[in-house]
1. Exactly one condition in (1) at pLDDT 80 or above; (2) in contact with a helix residue (DSSP H, G or I) (Cβ under 9 Å, 6 or more places away or on another chain); (3) of a type in the set (Ser, Thr, Tyr) is false for residue 29; which is it?
2. Out of (1) open to solvent by 40 Å² or more (accessible area, probe 1.4 Å); (2) modelled with pLDDT under 90, the odd one out for residue 86 is which?
3. Please find, within segment 65-83, the residue that is least open to solvent (accessible area, probe 1.4 Å) out of those that are closer than 30 Å to residue 186 by Cβ and at pLDDT below 85.
4. I'm told residue 223 meets every condition in (1) surrounded by 15 or more Cβ atoms within 10 Å (Cβ to Cβ); (2) closer than 20 Å to residue 169 by Cβ; (3) in contact with a Gly (Cβ under 6 Å, 6 or more places away or on another chain) except one. Can you identify the failing condition by its number?
5. Answer yes or no as to whether residue 237 is touching a helix residue (DSSP H, G or I) at 6+ places or on another chain (Cβ under 7 Å), farther than 21 Å from residue 163 by Cβ and either polar (S, T, N, Q) or modelled with pLDDT of 90 or more (or both).
6. Based on what the data block shows, is residue 224 modelled with pLDDT under 95 and in a strand (DSSP E or B)?
7. What number of residues within segment 178-198 are among the charged types (D, E, K, R) and either on the phi > 0 side of the Ramachandran plot or open to solvent by less than 10 Å² (accessible area, probe 1.4 Å) (or both)?
8. Could you list, in sequence order, the residues of segment 234-252 that are among the charged types (D, E, K, R), surrounded by 14 or more Cβ atoms within 10 Å (Cβ to Cβ) and out of contact with any Ser or Thr (no Cβ under 7 Å at 6 or more places or on another chain)?
Amino acid sequence: MALNAQDIEDLDSLLIDRDIENYSIRVFSNFKVNKFSIKDDDSKVKFVPNNRYGLGVGFANSKVIVDIAFNIKNSNKEETKKFDLQGTTILKDQYYVNVYAQTYRGFNVKNDFDEPTTFRSDIRSVSIGLNYLYTFDDIEFSYALLKAGLFEKRNKDIYITGGIGAFGGFDYFSANSSVLDESTSPYFNDRGNIKRYQGLAFGVLGGLISYFKLPEDITATVNVMPGIGLVSKKITTQDESYMPSSPMLYKLDFLIGLSYNFKQFYVSLTYSNGSYNTDFDYGNNYGLNLTKAKLAVGYKFKQKG
């Protein structure tokens, strides 16, 4: 099917911002982490990666933000090798979509029972997922404008809407022998000596999305999205494989964003966290946390009159 002149014009207006006043260059610092934990009634072990921070440069307008980050590596710490992609957008006014794809290799093994922290280069994790929310009303603001430091002219100073949706995801972690080592395994039963886990989950979620226009050209957003789902789990220990009896998965996502404009400069801060929890049976529980934060300082090409 051929595009006519009107189709081309509509596509152009959707993808291209021709107003130079909306363009800016920016520098930013970001924080991304995928960490997981195993716990029972008395003990907890957390698996936390290194080199979680980055610095970068980019440009933004009302249609798109392009940021290029460089991971900061500490020469005094073991390196976590990773690929980490997380993104959030709003489509056609009523569709909130969040996606993530993460692979990590190398974790610090921390605990709450005073054993030394160790770094395990053999521990690997993979997390892939999508969250979708359909809102009852049009979402009357743009994340791109908030992050790009563009102040929206709205009749309402406060906007709140709710919605329902669905989520799905694949989660995996493994180690050469067990994710618990000689110092941490005595605090758990034999079923805690997990060599490999994989889970495929689907569920439903609800949520609230809010936008606030504050004094001094400050804008803010706060979103909360709890969910519940079913997960097909398979666990391999050093001696056997089994499928936990409870299929339930509980999740909670939230996002906070702030943007402050002054003359040709702006500051944008966003922080989001996704928490997923399920039962591994035999008194053991599993938790996954996906966290992302970004602080950007931008300079607009031209100050609005």
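1. Of the numbered conditions (1) at pLDDT 80 or above; (2) in contact with a helix residue (DSSP H, G or I) (Cβ under 9 Å, 6 or more places away or on another chain); (3) of a type in the set (Ser, Thr, Tyr), the odd one out for residue 29 is (2).
2. If we test residue 86 against (1) open to solvent by 40 Å² or more (accessible area, probe 1.4 Å); (2) modelled with pLDDT under 90, just (1) comes out false.
3. Among those residues, the one meeting the criterion is 77.
4. With (1) surrounded by 15 or more Cβ atoms within 10 Å (Cβ to Cβ); (2) closer than 20 Å to residue 169 by Cβ; (3) in contact with a Gly (Cβ under 6 Å, 6 or more places away or on another chain) applied to residue 223, the lone miss is (3).
5. Working: touching a helix residue (DSSP H, G or I) at 6+ places or on another chain (Cβ under 7 Å): yes; farther than 21 Å from residue 163 by Cβ: yes; either polar (S, T, N, Q) or modelled with pLDDT of 90 or more (or both): yes.
The answer is yes for residue 237.
6. On the way: modelled with pLDDT under 95: yes; in a strand (DSSP E or B): yes.
Yes; evaluated as a whole, the condition is true for this residue.
7. As a first pass, look at segment 178-198 and keep what is among the charged types (D, E, K, R): 181-182, 190-191, 195-196.
Next cut, either on the phi > 0 side of the Ramachandran plot or open to solvent by less than 10 Å² (accessible area, probe 1.4 Å) (or both) only: none.
Result for segment 178-198: 0.
8. If the condition is that a residue be among the charged types (D, E, K, R), surrounded by 14 or more Cβ atoms within 10 Å (Cβ to Cβ) and out of contact with any Ser or Thr (no Cβ under 7 Å at 6 or more places or on another chain), then no residue fits.
The values are calculated or read from the model by the stated rules, or taken from the named source; none is laboratory data. From a predicted model like this one, the values you see are computed outputs, not experimental measurements. Note that each Cβ is placed from the backbone with ideal geometry, even for glycine, and that neighbours are counted across all protein chains shown. With ligands, DNA and RNA removed, areas are computed over all heavy atoms of the protein, side chains included. Shrake-Rupley method; radii C 1.70, N 1.55, O 1.52, S 1.80 Å.
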